[in-house]
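For reference, the structure is listed below as structure tokens.
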Amino acid sequence: MINMIDSPRVLLGVAVVNLGVAGATGQPAITEFMNNPDGADQGREWIELYNFGPVDLCLAGWTVEDEDTDLFVLPDVTIPSGGYLVLVSGGVPGLGGVDAATAQAIFAEEWLGGLVSPWVLGMQGMVLGNEADEIIVRDPDGVVAWSVAWSDDETPPFATFLTHESGYETRVFGDAVRPGVVRAGNDIGVRGFPGYQQNDVTPDPFAQVSQIDNLVVLFGDDFANVLQPGLGSPLAGGYAIVQVGDIDGDGTIDIPDVLAIFDAWGPCPEPCAACPADLDGDGVVGISDFLGLLAGWT
């Protein structure tokens, strides 16, 4: 398991457009997305959300969608203030897509060395267009919290990342009619406004090259035509490797962790409440969590 360390990425420039999205909660920004990986798309398109609000952000009831029919309802997960969450598209089942767990595993193999992270979630029912599309994040009341729209083809396989930071005032980057993201030029139609840029256009200080060597071995010939790795920074903010089952975070998996499993046995509390003993993230502390703990016993 990998756990995110709170540490905002270094961002450049100044935002000049204000959108009043209020709320005494955490607030999400789309800080990066990969919409056109080289070769197979399933498990390799992703969206990075960053909680720039002063408090934790409970995503129960939130949605990620476009202006057409793509829609993904976010699960009961909380992004800490200053933390990141990566949403990985599995595509549409039956149309070349994979299930959420497989999408998460593909991403983990390509970007995380095969390690599973609670801050990476697979999603179904949404794909990102290569040449034109939108990503819209809405709160449970349907209010747009952040959105981006692009129209120009992206050179695969470079991620597109947010390059400005000034309180995150600009939260809507166009729509399908007037896209606000121009990867090689000025975003939102404002000269000199940096907005979002590709890694091959503006260097990303956190960018890394993905690892694709094992995709064919682990997931089949669908990935045989992946000729080059991606360049992006879904690790922005940094990660610390911790062991699955180390519930108390002391560096070992031992009797106190077993006791924590049994103390929390049964359904987790209300949506988005802390439930560290729920190792598999299914909302219930049970036998699968106990077996997961035993698998990492130290």
Which condition number does Tyr239 fail, the rest of (1) buried (at least 16 other Cβ atoms within 10 Å of the Cβ); (2) at pLDDT below 80; (3) in contact with an Asp or Glu (Cβ under 8 Å, 6 or more places away or on another chain) being met?
(3)
Residue, surrounded by the most Cβ atoms within 10 Å (Cβ to Cβ), within the range 173-205, restricted to residues that are without any contact (Cβ under 8 Å) to a residue 40 or more places away in the chain and charged (D, E, K, R):
Asp187
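On the basis of being surrounded by fewer than 18 Cβ atoms within 10 Å (Cβ to Cβ), β-branched (Val, Ile, Thr) and within 26 Å of Asp222 (Cβ to Cβ), does Thr155 make the cut?
Details: surrounded by fewer than 18 Cβ atoms within 10 Å (Cβ to Cβ): yes; β-branched (Val, Ile, Thr): yes; within 26 Å of Asp222 (Cβ to Cβ): yes.
It is true that Thr155 is surrounded by fewer than 18 Cβ atoms within 10 Å (Cβ to Cβ), β-branched (Val, Ile, Thr) and within 26 Å of Asp222 (Cβ to Cβ).
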With the requirement that a residue be under 16 Å from Gln104 (Cα atoms) and hydrophobic (A, V, I, L, M, F, W, C), what does the range 216-232 give you?
Val216, Leu218, Phe219, Phe223
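Only residues that are assigned to a loop (DSSP other than H, G, I, E, B) and under 24 Å from Arg178 (Cβ atoms): list them for the range 52-73, please.
Asp66, Glu67, Asp68, Thr69, Asp70 - these are the residues of the range 52-73 that are assigned to a loop (DSSP other than H, G, I, E, B) and under 24 Å from Arg178 (Cβ atoms).
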Qualifying position, being in contact (Cβ under 8 Å) with a residue 24 or more places away in the chain and in the same structural domain as Tyr196 (by TED's automatic domain parsing), among Val137, Val73:
Val137
Can you tell me which residue is surrounded by the most Cβ atoms within 10 Å (Cβ to Cβ) among those in the range 280-289 that are within 20 Å of the chain's Cα centre (by Cα) and without any contact (Cβ under 8 Å) to a residue 40 or more places away in the chain?
Asp280
Pick out the one residue from Ala108, Ala159, Ala145 that is within 25 Å of Pro80 (Cβ to Cβ), at pLDDT 90 or above and out of contact with any Asp or Glu (no Cβ under 9 Å at 6 or more places or on another chain).
Ala108
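The values are calculated or read from the model by the stated rules, or taken from the named source; none is laboratory data. Bear in mind the structure is a predicted one, so any value in this text is a computation, not a measurement. Positions of Cβ are generated from backbone atoms using ideal geometry, with glycine treated the same way; all protein chains shown enter the neighbour counts.
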